[in-house]
Amino acid sequence: MEANNNSKKEEIVDVRSLVEAVSAEDTDGAPLYTVESLCMRCHQNGITKFLLTLIPHFRKILLSAFECPHCGERNNEVQFAGEIQARGCCYRLEIPSGEPKMLDRQVVKSESATIKGGGWSSIKPKGTHGCGLWKGIMSGRDFIFQHVELVAGKGDRILFWHDIWCGETSLKTLFPVLFSCSSNKSASIESLLSRPVGGEERVWNFSFIRDFIDWEMDEVLNFFTLIHSKIPSHEGPDVMRWTLRQHGRFDAKSFYHALIGKINIQFPWKAIWWVKAPRRVAFFVWTAAWGKILTCNNLMRRGYTMAGWCCMCRSGWETGEHLLIHCVMASDLWYVVLRSFGVCWVFPNRILDLLSGWYNSFGKHDSKVWNLVLLCLMWTVWRERNQRTFEDEEHSNTKHIELFFGLLFDLARVWGLTPMHSLADFVASLCFSCIPNSVTV
């Protein structure tokens, strides 16, 4: 008996034989189809048999059996063959009148989220389906609701104990003893308000499962003192109000500022984007101000192996501040430019500080040529650096000065910032037209 039982357990059901058996027994059913198909083992033609049959009180299934007469490969498969409804499924739920508890029943389980309470939000997804897009969206729900308040009207969509509608904390947190003694912990505001006969205003109507002890009376007194002043003044629909705006409507700008915090970052954007300069030049200076231009130190952070010295002076470490401000070649160019304007200045260490101190400075608040100087000079130094790095060509300091003033003159002429028609006259007029008097800082 034991041997027979083991042999029955180890018996393997052959779907091909089952297909033929079902086809022989089911005389009124669908016929047995036989087609040629490619064998994935020997790449010769084999035979696949299909049979569509019905499992009583369940659904239709498709039995298939493949056999290759050349190599003996066999493959069996069972598939569902029921048709998908063209327009989906429709569920109709009828709720008897006078039974609000029926609304608490869960009818359909969603794979993404489940609505709770008055429908203001959904429950965080759990299980394997909670690892996708909806889980990422719901991860920020708690932070959003820190800036949301519920304004009660009729009260049918606000849960009395759970929702935050009476201050900055839910009532179940403020009064845990009363919440534990409440006869209906999921009650809405509307269900706890009643209108006396002949009365115009609604009043609270609470019920608890036990009487309160003497040392609990202080909490009971504080509870009724707070609740008495929180009766909704109107019976309109309940609304959700965004507290970061006075008008109460949500906008992305206010939420963005809430996400980044209240850190006030002073960035001299006017010194870049309000200057009449080509966009690629302005974008380069903006990138340099954030320390993101592709100097040697930034390239080495990205995993590149190279010598980190500056190709301009061949002595210092190439960073954005060193290349554009403190390098010997850049310092000489800055000195010549400032001398042409009659200015003596001690340079700051950072590009951000340089931009902040440059824009409309030295007593001239309408000098557009002066504001253009900084962008042209940094662009000239960057172009020289790239030419030495990629083309192995080096210009003299005199050539650097000529290239800078030529670029400044061309941009000033294009934007109509100077009436001069020659480069020599333009350079000679800088000290007098842009800054009237010499300034020393």
Residues of the stretch 235-272 satisfying the condition of being loosely packed, with under 13 Cβ neighbours inside 10 Å and part of a helix (DSSP H, G or I): Ala252, Lys253, Tyr256, His257, Leu259, Ile260
Test for Ile189: is it at pLDDT below 85 and out of contact with any Lys or Arg (no Cβ under 7 Å at 6 or more places or on another chain): no
Residue match in the stretch 310-318 (condition: touching a helix residue (DSSP H, G or I) at 6+ places or on another chain (Cβ under 9 Å) and in contact (Cβ under 8 Å) with a residue 24 or more places away in the chain): yes
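hydroxyl-bearing (Ser, Thr, Tyr), at negative phi and modelled with pLDDT of 85 or more: does that describe Ser183?
In short, yes.
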Where a residue in the stretch 399-427 is more than 20 Å from Tyr335 (Cα to Cα) and its partner, wherever it lies, is in a helix (DSSP H, G or I) and of a type in the set (S, T, N, Q), with Cβ under 8 Å and at least six apart: Thr418/Ser429; Thr418/Ser433; Met420/Ser429
Which listed residue is aliphatic (A, V, I, L, M), at negative phi and over 37 Å from the mean Cα position of the chain (by Cα), from Leu377, Leu352: Leu377
Subset of the stretch 134-178 (residues that are assigned to a loop (DSSP other than H, G, I, E, B) and aromatic (Phe, Trp, Tyr)): Phe160, Trp161, Trp165, Phe175
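The values are calculated or read from the model by the stated rules, or taken from the named source; none is laboratory data. These numbers were taken from a predicted model, which means no experiment stands behind them. Glycine also receives a Cβ, built like all others from the backbone with ideal geometry; neighbour counts cover every protein chain displayed.
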